[in-house]
Amino acid sequence: MANELTPVDIRILEVIQNDASLSTADLAEKVGISHSPCWRRLQRLKEEGYIDRQVAILNREKFGQEFLVFAFVKVAALSPEQRKEFHRKIENLPHIIECYSVLGEYDLIIKVMASSLKEYQNFIFDTVMRLPGVQDVRSTAALSVLKDTTAIPVRGIMSR
């Protein structure tokens, strides 16, 4: 599917990753094509799944969520039903903004936001440690953000 992208498609994807709020007319101008072909290409990219969703990225610090922690979670073996329930509970916890199943010593890495170390501690002890099968949690707090992007380097991937 990736081979079907044209240089114009790639440019559209690059531009909307930086600003998905652009009107089709503004996008067309930035990409260098007329409005109608731009709209059609954008619709095709959505239909073919290149564009998963378009969102606004909020500044968590404006909401007082300045503390960011990566927690490594060890989980006991769960039945398929327990695993479904565990996943549902993780999805419904707003403090967890990302969760990955990983290989290695731990089973999950969760990215947790909180307003303070105390709030994080309470969240881990009162919520995460009470989830089914959770055996251990190791935490690493972020001191500062060196890079934070949702953009995929489309041009770099397509040149391979």
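Summary table
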read-out: Label assignment, Cα extents along the principal axes in Å derived from the structure, set (1) 56, 37, 27; (2) 47, 36, 30; (3) 57, 37, 24; value: (1)
read-out: Part-to-part distance (alpha-carbon centres) for the range 72-142 and the range 17-62, which is given in Å; value: 34
read-out: Dipole of the range 14-160 [Lys/Arg +1, Asp/Glu -1 at C-beta], most positive-end residue of Asn59, Ser34, Leu93; value: Ser34
read-out: Additional length obtainable on full extension of the chain from Leu143 to Lys46, 0.36 nm per residue less Cα span; value: 31.2 nm
read-out: Rounded to the nearest 20 debye, dipole of the chain from Cβ charges on Lys, Arg, Asp, Glu; value: 100
read-out: Spin-label pair Ser116/His35, simplified geometry with 7 Å Cα→Cβ offset, distance in nm; value: 5.3
read-out: FRET efficiency, 1/(1 + (r/R0)^6) with R0 25 Å, evaluated for Gln135 and Lys84 via beta carbons; value: 0.85
read-out: Relative contact order (percent, whole number), the chain, Cα cutoff 8 Å, 6+ residue spacing; value: 27
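Taken together, the values in this text are just the output of simple stated rules run on the coordinates, not laboratory data. Computed from a prediction, not measured in an experiment: that's the story for all the values here. Here Cβ is always computed from backbone atoms with ideal geometry, including for glycine, and neighbour counts include all displayed protein chains.
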